[in-house]
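Below are the C-alpha cells for one structure; questions will follow.
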Amino acid sequence: MQAQDRISAGQAVYTPFTLNVYDYVVLGFSNRFLWRCPTSKLEAMYDRNVSDDHLDVGVGTGYFLDKATWPVEQPQITLLDLNANSLEAASRRIGRYKPETFAANVFEPLPTGRKYRSVGLCYLLHCLPGAMAEKAPAVFDNVIEVTEAGGRIFGATILQGDAQRSVAAQALMNFYNRKGIFSNSSDTFAALENVLRERFEKFTTRRHGAVVIFEAQKA
Ligand SMILES: C[S@@+](CC[C@H](N)C(=O)[O-])C[C@H]1O[C@@H](n2cnc3c(N)ncnc32)[C@H](O)[C@@H]1O
C-alpha cells in the first residue's frame, strides 16, 4: 500500500455503523478483556489532563469528552479528525459544549490557527501507519505547535513488542494490522519513551496490559 492509502486505511473503518458499536466493542469489551486496560483508566487520564480550552485529535465517538470532568462548566472544545463520520458523531455527542471541528490529517501541520491548553491523542497512534520512531515524532511535533507553553499533551496507544497479550488479543491485533485498521506491529514502549524524552522535560508513562498512557507538559 502507498503511504497515503495506509493513512486512509487507519481511519476508513469509522463508518456510522462501526461508530455505533465502537463504545461497546472497543471501550466495553476489548479494553477490559483483550488489551487489559479498563476504560476507567482512560477516563481518569482525561480527568487529570483536560483544561478549559481543549483540542482532541482522533475523536472517534467522543466518549471520553462526554464523560470527562471539565474544570469549567463550558469548556472550549475543538475536534480534529480525518474522518467526517467521527467528527459528526463526536460533535453530536458533546453538542452541549458547541465544539469547533476540523477535518484534517494529523501528519500535516494542524490547521487550527491557534493554540490550546490541553491536547488529547487517545488511541490514535496505533491507527497510524509506520513504526513508532517514524510516526510519533511527526504527530508530536504537529501537536506541540498548537499547544500553549505549560499545556498538557496526553493520550494512550496499544503496543505490541514486549506488551503482554493473550492468544486472542494477538489474533485480533494481527487481523487489525492485516486490514490496516491498526499499524502497531513495530510499536514498542521503548520507542515511544524515546520520542517523548526527546521532546518533553516533564512526562509520565503508565502501562496497563498492552496499553501505554502518556502525559506530558510543553515547556
Ligand atoms: C481508535 S479511534 C479513537 C477514538 C477516541 N479517541 C477513543 O479513544 O475512543 C481513532 C480515531 O482517529 C482518527 N484518525 C485515524 N487516522 C487519522 C489521521 N491520520 N489524522 C487524524 N485522525 C485520524 C479516526 O478517524 C478515529 O476517529
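Starting from 0.36 nm per residue, how many nanometres of slack lie between W70 and R32 once their C-alpha separation is accounted for?
11.2 nm
For the chain, the longest stretch holding no GluC sites (Glu not before Pro) located in a DSSP loop with at most 13 other Cβ atoms within 10 Å is which?
74-200
Please work out whether the range 13-62 counts as rounded, prolate or oblate from its C-alpha gyration tensor, where a ≥ b ≥ c are the square roots of the eigenvalues and a/c under 1.5 means rounded, while otherwise a/b larger than b/c means prolate and anything else oblate?
Verdict is oblate for the range 13-62.
Just want the answer: with Cβ charges of +1 for Lys and Arg and -1 for Asp and Glu, which residue in F29, N49, F17 is farthest toward the dipole's positive end in the range 1-72?
Farthest towards the positive pole: F29.
Give me the number: length gained by fully extending E134 to R178, i.e. 0.36 nm times residue separation minus the C-alpha to C-alpha distance, one decimal in nm.
Length gained, E134 through R178: 13.9 nm.
What is the range 21-91 by shape, rounded, prolate or oblate, if you read a ≥ b ≥ c off the alpha carbon gyration tensor as root eigenvalues and call it rounded for a/c under 1.5, prolate for a/b larger than b/c, and oblate otherwise?
Oblate shape, in that a/c is at least 1.5 and b/c is the bigger or equal ratio.
Where the Cα atoms of the range 3-217 are projected onto their three principal axes, how long is each span, largest first, in whole Å?
In descending order, the Cα extents are 44, 40, 33 Å.
Taking only DSSP H segments of four or more residues, each worth -39500 (n - 2.57), what value at 222 nm results for the chain once the sum is divided by all its residues, to the nearest 500 deg cm²/dmol?
-11000 deg cm²/dmol
Ok, one more. Relative contact order for the chain using alpha-carbon pairs under 8 Å, separation at least 6, rounded to a whole percent?
22
Using a cut-off of 15 Å between beta-carbons, work out the net charge of the residues near F17 (Lys and Arg +1, Asp and Glu -1, F17 not included).
Local net charge: -2.
With +1 on the Cβ of every Lys and Arg and -1 on the Cβ of every Asp and Glu, and nothing else charged, how large is the dipole of the chain about its Cα centre, in debye rounded to the nearest 20?
480
May I ask you to give the average projected area over all directions of the convex hull of the Cα atoms of the range 103-219, in nm² rounded to one decimal?
Taking a quarter of the hull surface, the average projection is 7.0 nm².
Could I ask something else about it? Consider all pairwise Cα distances in the range 43-153 and report the whole-number % of them above 25 Å.
13
Right, something else. Could you work out how far apart the two model spin labels at D47 and A103 are, taking each label as a point 7 Å from the Cα in the direction of the beta carbon, and quote it in nm?
My value for the distance between the label points is 3.6 nm.
All of the numbers you see were taken from the coordinates with simple rules; none came from a lab. Model, not experiment: these values are computed from the prediction. Cβ coordinates were reconstructed from backbone atoms using ideal geometry, including for glycine residues, and neighbour counts include every protein chain displayed.
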